[in-house]
Amino acid sequence: MRETLRKSLPAKTCIEPSELDSGALVIDVRDPEEFESGHIEGAINIPVDQLQERIMEVQYHGLVVTACGKGGGRSERAAQLLRDAGFIDSKALCGGTNAWFDYTKDLT
């Protein structure tokens, strides 16, 4: 009898705004000007092009969520950099800060 090998499905690399809880560290990877124009409360700002050299600032052992404006580009690249550096529970925010603000607006 021949066994069928199953390919494991890739883990989802982004987290929905509704799944984000207060226990996560949010790193906004946009430029400082973009960050100042509006960001997720409690987020720290480390632009993606500085993340590699500032990785030691990330002193966290739980979920690390990277966020940019629309999600996907810079935030996914930053999450991958973090995973490569050993932060295995790093995900981008699906839809970015735009999706976060839309989600929280709907809660009020």
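Just the residues that are in contact (Cβ under 8 Å) with a residue 12 or more places away in the chain and in a helix (DSSP H, G or I), please, taken from the stretch 52-78.
Taking the stretch 52-78 as the starting set, the residues that turn out to be in contact (Cβ under 8 Å) with a residue 12 or more places away in the chain are 52, 55, 57-58, 60, 62-72, 74-78.
Across the stretch 52-78, the qualifying residues are I55, E57, R74, S75, E76, R77, A78.
Write out, first by first residue and then by second, each pair whose Cβ atoms fall under 6 Å of each other, whose residues are 6+ apart or on separate chains, and whose first residue, in the stretch 79-96, is small (G, A, S) while the second is part of a helix (DSSP H, G or I) and open to solvent by less than 20 Å² (accessible area, probe 1.4 Å).
S90/A79; S90/L82; A92/S75; A92/A79
Name the residue that is most open to solvent (accessible area, probe 1.4 Å), counting only residues in the stretch 25-50 that are in a helix (DSSP H, G or I) and touching a strand residue (DSSP E or B) at 6+ places or on another chain (Cβ under 9 Å). First the steps, then the outcome.
Keep residues of the stretch 25-50 that are in a helix (DSSP H, G or I), which gives 32-36, 48-50.
Add one more test, that the residue is touching a strand residue (DSSP E or B) at 6+ places or on another chain (Cβ under 9 Å), and what stays is 32, 34-36, 48.
Numbers: P32: 63, E34: 60, F35: 22, E36: 138, V48: 19 Å².
For the stretch 25-50, the residue satisfying everything is E36.
Within the stretch 54-76, work out how many residues are in contact with a helix residue (DSSP H, G or I) (Cβ under 6 Å, 6 or more places away or on another chain) and open to solvent by 60 Å² or more (accessible area, probe 1.4 Å).
The number of residues fulfilling the criteria is 2.
Quick one: D84 ticks every box in (1) farther than 9 Å from V29 by Cα; (2) at pLDDT 95 or above; (3) open to solvent by less than 60 Å² (accessible area, probe 1.4 Å); (4) not aliphatic (A, V, I, L, M) except a single one, so which number is it?
For D84, the exception is condition (3).
Out of curiosity, is A92 in a strand (DSSP E or B), at pLDDT 95 or above and either open to solvent by less than 50 Å² (accessible area, probe 1.4 Å) or aromatic (F, W, Y) (or both)?
On the way: in a strand (DSSP E or B): yes; at pLDDT 95 or above: yes; either open to solvent by less than 50 Å² (accessible area, probe 1.4 Å) or aromatic (F, W, Y) (or both): yes.
Answer is yes for this residue.
The values are calculated or read from the model by the stated rules, or taken from the named source; none is laboratory data. All values reported here derive from a predicted model rather than from experimental measurement. For neighbour counting, all protein chains shown are included, and Cβ atoms are generated from backbone atoms with ideal geometry for every residue, glycine included. The area values use the complete protein model at the heavy-atom level, side chains included, leaving out ligands, DNA and RNA. Shrake-Rupley method; radii C 1.70, N 1.55, O 1.52, S 1.80 Å.
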